[in-house]
Amino acid sequence: MADDSSLPSLDCGDGTPLLELRGISKNFGSTRVLDGLNLTMNRGEAIAIIGPSGTGKSTILRIVAGLLAADRGEIWVDGHRRQGLIEDAPDPVGIGMVFQQAALFDSLTVEENVGFLLYQHSDLSGQEIRHLVSEVLDMVGLPGIADSYPAQLSGGMRKRVSFARAIISNPQNPTDRPALLLYDEPTAGLDPIASTIIEDLIRSIQRGQGCSSYVIVTHQDSTIRRTADRVIFLHQGEIQWDGSVETIDTTDNPYMRQFFSGRVEGPIQLVH
C-alpha cells in the first residue's frame, strides 16, 4: 500500500479512534472479497472508499454497520470491541446508514418513513415525532413534503428523505444521534445537478453535527473530490492506496492512475 500524504488527525475526543477494522476478511462462497483488511478512522474524518465494482466496498459498509458478519478479524467502535451483529448489542456510538436505493417503504408517507424507528422504539408522542421529522426534513432541504409518498418524489428527493431518516434521533436518548454515517453510492443514477445537491448536503450534515464522521462509497469523480478528505482505494480485498483527496492527481500509484484515467491497461484487470 502506498501512502502519499501525512494525514492530520481530526479526532475531537480523547484520542481513541472512532472505528478500527483489524484483519477483516470476508468470503462469499469461494470468492474472497476482503482479505485481512485494516482500517483506522478518527472522529471528524470524511473517508471515501473507491475502486472497481465488485471489490468489497459496500461489504465494508455493511460490516461496519453491523448488518453483516466478517469471517475473521475484529471490529472496534470507540474503543469497544463489537461482539456479533448490531442487534446483539448496541454500539457505544450511533451508526447510521444511507442505502444506495434509498430503501423507503412505498406504503408509508415521508413522515412515517423518516420517523419509523421513533414510532416503533421510543416513548415520544406522535406530535413530538412529527416535530422532529419536520426539523430534519428542513435540514435536508425538503420542507412541506411530510404527507407525500415516495412514489411522488424524484430520485434525488428520495435520497434526501433517506438522509433524514439516517440522522433523526431521539432527544430523550442523545446516544441515538449517529456519530458515524455510512453512505453507499449516494449519487448513483442522479444527474449532475442533483448530485451536487446531495454532495453539498453530505458536507452540511457533517458541519451541522459537529464531530460527525462519515464513510462514503462512490464511483463518481465529483463526489469523491467534493465530499472526501481522505481516499482509500480498494482492490482484490486489500487497500492499495490511502491518501488525501488533494494528492489524487499527483500520486504515482498505478491503481489510482488507472482508475482516474479510465485506461484499460494497468494493474486493474476486469473480466468482461
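The values are calculated or read from the model by the stated rules, or taken from the named source; none is laboratory data. What you see is a predicted model; the values in this text were computed from it and never measured. Cβ sites come from the backbone with ideal geometry, for glycine too, and all protein chains shown count toward neighbours.
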Per-region count, the range 139-179, residues out of contact with any strand residue (DSSP E or B) (no Cβ under 7 Å at 6 or more places or on another chain) and in a helix (DSSP H, G or I): 14
Residue within the range 94-106 that is more than 20 Å from Asp184 (Cβ to Cβ), part of a loop (DSSP other than H, G, I, E, B) and not hydrophobic (A, V, I, L, M, F, W, C) present: no
Checking Arg43 against (1) surrounded by fewer than 21 Cβ atoms within 10 Å (Cβ to Cβ); (2) touching a strand residue (DSSP E or B) at 6+ places or on another chain (Cβ under 9 Å); (3) charged (D, E, K, R); (4) not in a strand (DSSP E or B), the condition it does not meet: (1)
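Please tell me if Arg62 is among the charged types (D, E, K, R) and in contact with a helix residue (DSSP H, G or I) (Cβ under 6 Å, 6 or more places away or on another chain).
No: the conditions fail for Arg62.
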Residues satisfying the stated conditions in the range 178-213, i.e. touching a helix residue (DSSP H, G or I) at 6+ places or on another chain (Cβ under 7 Å), modelled with pLDDT of 85 or more and hydroxyl-bearing (Ser, Thr, Tyr): Tyr183, Thr187, Ser195
In the range 99-129, residue nearest to Ser169 (Cα to Cα) [restricted to those that are free of Cβ contacts under 8 Å to residues at least 40 places away in the same chain and either crowded, with 19+ Cβ neighbours inside 10 Å or touching a Gly at 6+ places or on another chain (Cβ under 7 Å) (or both)]: Ile129
Test set (1) in contact with a helix residue (DSSP H, G or I) (Cβ under 7 Å, 6 or more places away or on another chain); (2) in a strand (DSSP E or B) - Val136 fails condition number: (2)
Leading residue by the ranking (farthest from Thr16 (Cα to Cα)) among those in the range 180-208 that are assigned to a loop (DSSP other than H, G, I, E, B) and touching a residue at least 60 places away in the same chain (Cβ under 8 Å): Ala188
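Tell me which residues, restricted to the range 118-133, are more than 22 Å from the chain's Cα centre (by Cα) and either closer than 21 Å to Gln100 by Cβ or part of a helix (DSSP H, G or I) (or both).
Looking only at the range 118-133, we keep the residues that are more than 22 Å from the chain's Cα centre (by Cα), and these are 119-132.
Correct list: Tyr119, Gln120, His121, Gly126, Gln127, Glu128, Ile129, Arg130, His131, Leu132.
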Selection within the range 149-172 - surrounded by 18 or more Cβ atoms within 10 Å (Cβ to Cβ), among the aliphatic types (A, V, I, L, M) and farther than 16 Å from Leu190 by Cα: Ala164, Ala166, Ile167, Ile168
Residue match in the range 82-94 (condition: of a type in the set (Val, Ile, Thr) and farther than 30 Å from Thr251 by Cβ): yes
Residue match in the range 114-130 (condition: at pLDDT 90 or above, hydroxyl-bearing (Ser, Thr, Tyr) and touching a Lys or Arg at 6+ places or on another chain (Cβ under 7 Å)): no
So Ile60, is it surrounded by 17 or more Cβ atoms within 10 Å (Cβ to Cβ), touching a Lys or Arg at 6+ places or on another chain (Cβ under 6 Å) and in contact (Cβ under 8 Å) with a residue 12 or more places away in the chain: no
